[in-house]
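Note sheet for the following structure.
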Amino acid sequence: MPDPEFKEWVSLIKDGLLAIAALVTIGVGIYGARVWKMELIGKEVYAAARELVKQSHIVCKAADKLRLPTDALDKELNPHSDTTATDDKLWRISEIKAYQRRLETFSIKLDNFESAKLDLRVLKGARVYESFMPFGRHLTDTILLINEYLDLLKDDSLKVGPKSSEVLDLQQRMYPSMNLDDDLSQKLSDSREEGENSLLVSRLGNSFIYH
């Protein structure tokens with residue numbers, strides 16, 4: 001018969017092996033959970049980054065479109081019934097309504113961009129927010145320029161018309177060039193691209209965003 005002391009050693013060895021196996025199982029489980037969590041977060045960051053890039057493109061194009069001169073379609077969308085007003089007054093009313101409508105449309109796209117930026121900031125930190133700050137400032141400049149134009153048209157004491165020097169000077173600053181190579185269009189495009197590039201260097205990777 002086996003020595004009792006030998007049996008005791010065998011039992012201890014078995015218990016030790018079982019304990020080691022349990023620890024290995026726990027370790028593998030924890031590692032697997034961490035890998036799964038990292039993969040899940042990675043997918044969330046990937047989706048959030050793609051959405052931010054998409055929304056930045058959309059709002060950048062919308063900012064250029066916002067500054068375009070009004071056209072016949074704008075006038076059809078903004079009819080007026082005041083037949084006693086002067087031609088200059090009717091023109092101002094038409095311009096005001098057209099750009100107010102555009103601002104409403106633009107604000108929706110701007111909200112979508114800000115929401116996408118916030119979603120990625122939650123996942124990646126403040127660096128994302130900071131990298132798009134110059135772009136955000138130029139978007140604000142666009143809105144301020146439109147509001148300056150609207151304030152001019154709403155000032156009845158000036159009684160400006162489409163040929164007034166104040167109007168023409170402001171339109172020259174406001175309207176984008178045909179090739180979008182004017183100063184504000186370039187600043188919008190360049191700052192948006194800089195914000196996007198910052199995503200590439202913040203461990204997202206080029207293929208990560210554009211996969």
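Arg173 sits among other residues whose Cβ lies under 11 Å from its own Cβ, and their net charge, with Lys and Arg +1 and Asp and Glu -1, is -4.
Using θ = phi - 60° in the Karplus curve 6.51 cos²θ - 1.76 cosθ + 1.60, the 3J(HN,Hα) couplings for the range 129-137 round to 4, 5, 5, 9, 4, x, 4, x, 5 Hz; x is entered for Gly and Pro. Within the range 99-165, list the trypsin sites (Lys or Arg not before Pro) lying in a DSSP loop whose Cβ has at most 10 other Cβ atoms in a 10 Å radius. When the trypsin sites (Lys or Arg not before Pro) of the range 99-165 are filtered for loop state and at most 10 Cβ neighbours within 10 Å, Lys163 remain.
3J(HN,Hα) couplings calculated from phi for the range 185-194 with the Karplus curve 6.51 cos²θ - 1.76 cosθ + 1.60 (θ = phi - 60°) are, in sequence order, 4, 5, 5, 4, 5, 5, 5, 5, 5, 5 Hz; Gly and Pro show x. Computed from backbone phi, the HN-Hα couplings of the range 100-116 come to 5, 5, 5, 4, 4, 5, 5, 4, 5, 5, 5, 4, 5, 5, 5, 5, 5 Hz, rounded to whole numbers (Karplus: 6.51 cos²θ - 1.76 cosθ + 1.60, θ = phi - 60°; Gly and Pro given as x).
Coordinate-derived values only; no laboratory data. Just so it is clear, the structure is predicted and the values come from calculations on it, not from any experiment. Ideal geometry is used to build each Cβ from the backbone, glycine not excepted, and the neighbour counts take in all protein chains shown.
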